[in-house]
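Step one of this worksheet: look at the structure below.
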Amino acid sequence: MQNENEYSEPSEVYSIISTNFELASGNVLSFEEIHRVLTERIHELLEKNVEKLIFILYRIDVGQKRTDEIFNNPSKEEIASLLATAVIERQLEKVKTRRKYSSK
């Protein structure tokens, strides 16, 4: 994930993620900060509304194989952190693809 970060602004990725996960809009300084906030929100959804979480993951196109592997983890904290990483990585891929095709 680290080398992808060089090509995307954290605010661009946070903008997409905040809409999908109903996070407060605001200034985001780093991908680490996005990961922390997103992990907290995913953990909340794991506790209160797993169906909504699964729907969001499906809608933003995080691969089912990857999510299945993550959900096999016994720790909700670890699941939340791994899902946050997967979501951020997927959004970075989308941003990179958009830039590639918009520059042609």
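Of the helices (runs of 4 or more DSSP H) that lie entirely inside the chain, those containing 2 or more residues that are out of contact with any Gly (no Cβ under 6 Å at 6 or more places or on another chain) and of a type in the set (Asp, Glu) span 31-48, 64-71, 76-102. Picking from residues in the stretch 6-45 that are touching a helix residue (DSSP H, G or I) at 6+ places or on another chain (Cβ under 8 Å) and among the small types (Gly, Ala, Ser), the one that is surrounded by the most Cβ atoms within 10 Å (Cβ to Cβ) is SER8. Please go through the stretch 65-104 and pick out each residue that is farther than 25 Å from SER15 by Cβ and free of Cβ contacts under 8 Å to residues at least 24 places away in the same chain. Hits for the stretch 65-104 are LYS65, ASP68, GLU69, PHE71, ASN72, ASN73, PRO74, SER75, GLU78.
Bear in mind that the values in this text are calculations on the coordinates, not laboratory data. Remember, it's a predicted structure, so these values are computed and weren't measured experimentally. Every residue, glycine as well, gets a Cβ built from its backbone with ideal geometry; the counts of neighbours run over all protein chains shown.
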